[in-house]
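What follows is calculated from the coordinates using simple rules that are stated; it is not laboratory data. Being a predicted model, the structure only gives us computed values, none of them experimental. Ideal geometry is used to build each Cβ from the backbone, glycine not excepted, and the neighbour counts take in all protein chains shown.
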Amino acid sequence: MGATSTVVIGGGVAGITAALDCADAGASVTLVEVRPRLGGAAYSFERDGGQFDNGQHVFLRCCTSYRALLARLGSEDRVRLQARMRIPVLSPGAPPAELRSAPLPPPVHLARSLLRYPLLSFRERVRAALAARALAHVDPDDHAADARSFGDWLAEHGQDARAIERLWDLVALPTLNVRAREASLALAAFVFQTGLLSDASAADIGFHVRPLSEIIGAPALHALQESGVEVLLSTRAVRVEAREASLRVALAERGELEASTVIVALPHTRVADVLPASLDPLAGRVRALESSPIVNVHVVYDRPVCAWPLTDVGFAAGVCTPVQYVFDRSESLGLPSGRYLAVSLSGAEQEMQMSSEELRERYTRALGELLPAARAARIERFQITREHAATFRAAPGTRSLRPSSETPVPGLLLAGAFTDTGWPATLEGAVRSGHAAARAALRRLGIDRGDTLAAASPAGRENGGSAVGALA
């Protein structure tokens, strides 16, 4: 096969972003994707005539780079953004609770909601407010903070297991894909500071109203082809090798591509497979990141089963229940509201070991405890989606393992949420990694478009982002 200036390996959100940036700047780009579709871990699948998403990826108002990508793909009308952050919290046998933002400057915008939160005692609420104030002063770039457990830090600041379960894990678990006790303090501080403590509107939650294939996969293919990118689907990149003046990408059964720059935008579990042998130490660091799984439980009932506030907001968190977050995805299937519920389970090591029958028993019963109407409803469809290596494991010490976009091999670059963006494994982090890799590739090619790309991907902690059911 012929030469090209840039080869992007991987058609997930990071690879899509990098390929578009390079092509828009005038580079000749080929994107290689092993699957027959684009979107990476953010994808839909067809079952019984309906489109189901593999996971319940959400985003926040402060996810500026991901929202800009949606605009670039023409998908803005297929997502919905809250006017103000509102998180209903359901617990068996208890009235619905709520965490919401008020139109006040941070951090006061959350104070009223926290001090009225009925799932904690008044004393626990005051202690939580003091801990939040202290967390605002933790430096996410401090390596000592990265080496510490968020759970240990919370315990030192008066937060017991009950407070962690009923409050802190509502944010830590879906954004970091591990519970607070297992998480890096630095990454947890980043999440809380950027999403909840920096700006009153930062944590307004965005939802994908249509299936992900209609929001990311198909629009990305169209945008890439319109930009002149050669897209090779169902094509596996076997290995990248360095030559004197170029890089070679060996393709399974399709020869090879020669390029001046190569951006490897694969999941962290697959990166080591394609890197040159000279980068074995780097590959070892990436492998040491390990993984955390996500499981999604999809239930379609024969009638609406949701109650307020789930009917009003479209999702709810669960406390004292196996249900972490439940989403009403009926609209995406064209069903009446309240019929298709998706339960998103982060850090799901235990659920990964359970059979489909065990998961059905556990979660249909748990949904019935939260939503009494579900007990009398007939289940029309039930299915499980499992992502064994959904994200890198956001454990203490993670920062030192995350590589930068540039490698010791000139022109060979990395993109993906696992790279050292400072962010957890989110859609926003993946997009930003794609921008960073593209900037480096264009510098290598002598194409100066850094100002344009920097504007498309504002850097800095003030533009943070997170996701429930984080992206893989």
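Annotations for the structure displayed:
- Taking amide H as placed 1.01 Å from N in the peptide plane, the amide H of Glu406 sits under 5 Å from that of Leu414, each at least 5 places away or on another chain.
- Charged side chains reduced to their Cβ positions (Lys and Arg at +1, Asp and Glu at -1) give segment 102-197 a dipole of some 580 debye around its Cα centre.
- At an R0 of 30 angstrom, the distance between the Cβ atoms of Ser227 and Arg270 translates into a FRET efficiency of 0.75.
- Qualifying GluC sites (Glu not before Pro) in segment 252-341, DSSP loop, other Cβ atoms within 10 Å at most 10: Glu253
- 15 Å beta-carbon shell around Glu214, net charge (K/R +1, D/E -1): 0
- Candidates per GluC sites (Glu not before Pro) in segment 52-143, loop by DSSP, up to 15 other Cβ within 10 Å: none
- Computed magnitude of the charge dipole of the chain (debye, nearest 20; Cβ of K, R +1, Cβ of D, E -1): 880
- Dipole of segment 283-405 [Lys/Arg +1, Asp/Glu -1 at C-beta], most positive-end residue of Ala342, Leu310, Gly284: Gly284
- Surrounding net charge for Ser28, when Lys and Arg each add one and Asp and Glu each subtract one, Cβ distance under 13 Å: -3
- Computing Cα extents along the principal axes in Å for the structure here picks out one of [x] 90, 51, 48; [y] 181, 69, 49; [z] 67, 50, 39, namely [z].
- With R₀ fixed at 30 Å, the C-beta to C-beta distance from Arg285 to Ala71 puts the FRET efficiency at about 0.30.
- Extension reserve of the Asp160-Glu98 stretch, reckoned as 0.36 nm per residue once the Cα distance is removed: 20.2 nm
- Of the residues Leu170, Leu60, His435, the one whose Cα sits farthest toward the positive end of the charge dipole of the chain, with +1 on the Cβ of Lys and Arg and -1 on the Cβ of Asp and Glu, is Leu170.
- Computed E for Phe45/Arg254 - FRET, C-beta separation, R0 22 angstrom, nearest 0.05: 0.30
- Label point 7 Å beyond Cα of Ser404 along Cβ direction - residues of segment 414-442 with amide nitrogen under 20 Å: 414-424, 429-442
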